[in-house]
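The values are calculated or read from the model by the stated rules, or taken from the named source; none is laboratory data. Keep in mind that this is a model prediction, so the values were computed, not measured. Methodologically, a virtual Cβ is constructed for each residue, glycine included, from the backbone with ideal geometry; neighbour enumeration extends over all protein chains shown.
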Amino acid sequence: MQNKNKFNKDLQESNICIKCGMCCNGTLFFWAKIYEGETIDNELEMKRVQIKHKDTEGLSLPCSYLKDSVCSIYYSSNPQRPLICNSFKCKLLKKYEKREISYENALMIIENTKALVANFDNKIKNSFPDIASKSIQVKIRRLNEKHNESLTQIAFRKNYGKILLDSLILNKMFEKYFIKAEIITKGTNT
């Protein structure tokens with residue numbers, strides 16, 4: 001019985017990752033670390049970038065193995081699957097592992113966060129087309145920069161207050177359930 005429970009827990013952990021995918025699609029990060037000496041396949045090689053502020057190499061995201069919002073090599077024994085993909089665990093997954101949150105609640109948080117991201121993304125596309133192609137993290141940062149640079153912040157808040165509020169809510173969701181606050185504010189991956 002204990003083996004069956006462990007199998008179910010492992011399967012649910014995998015499902016949480018697969019249902020989410022925000023670490024792979026560019027929502028939480030815009031690059032993923034490549035470890036020194038790590039080999040990657042040709043598909044990912046095209047995504048290799050130099051991360052100047054970290055003096056390292058990484059893969060630009062979204063990942064090319066993400067198909068219909070699902071990792072196409074998650075269950076694969078592909079030896080070229082990046083090490084970071086096997087080792088990264090968001091806060092939500094860690095909370096689930098510690099039984100601080102149920103499987104159902106974890107899935108609900110993912111669904112709600114993805115809906116907030118989609119809503120925010122649509123508002124940005126309509127109001128700020130110059131940043132529409134950027135990652136969610138960059139959009140949030142640039143929106144706040146535009147607000148801070150605005151000569152009339154009151155007018156900016158009046159026109160874009162709902163988008164600013166959405167960006168704050170997203171940051172709080174990301175910080176509470178997915179990644180560290182410094183990643184959100186500085187735009188770095190750890």
The one condition K162 fails out of (1) closer than 28 Å to L11 by Cα; (2) among the basic types (K, R); (3) surrounded by fewer than 17 Cβ atoms within 10 Å (Cβ to Cβ) is (1)
Residue ID - modelled with the lowest pLDDT, chosen from residues in segment 169-190 that are surrounded by fewer than 16 Cβ atoms within 10 Å (Cβ to Cβ) and over 19 Å from N119 (Cα atoms): T190
Would you check which residues across segment 75-108 are closer than 15 Å to D41 by Cβ and either hydroxyl-bearing (S, T, Y) or in contact with a Lys or Arg (Cβ under 6 Å, 6 or more places away or on another chain) (or both) and list them? S76, S77, I84
Number of the exception - K162 against (1) in contact (Cβ under 8 Å) with a residue 12 or more places away in the chain; (2) touching a Leu at 6+ places or on another chain (Cβ under 9 Å): (2)
Residue identified as in contact (Cβ under 8 Å) with a residue 60 or more places away in the chain and out of contact with any Gly (no Cβ under 6 Å at 6 or more places or on another chain) among C71, C63, C20: C20
The residue from L28, L92 that alone is more than 25 Å from A132 (Cβ to Cβ), surrounded by 14 or more Cβ atoms within 10 Å (Cβ to Cβ) and either at pLDDT 85 or above or of a type in the set (D, E, K, R) (or both) is L92
Where the second residue is small (G, A, S) and the first is under 19 Å from K176 (Cβ atoms) and lies in segment 107-127, which pairs have Cβ atoms under 8 Å and are six or more apart or on separate chains? F120/S167
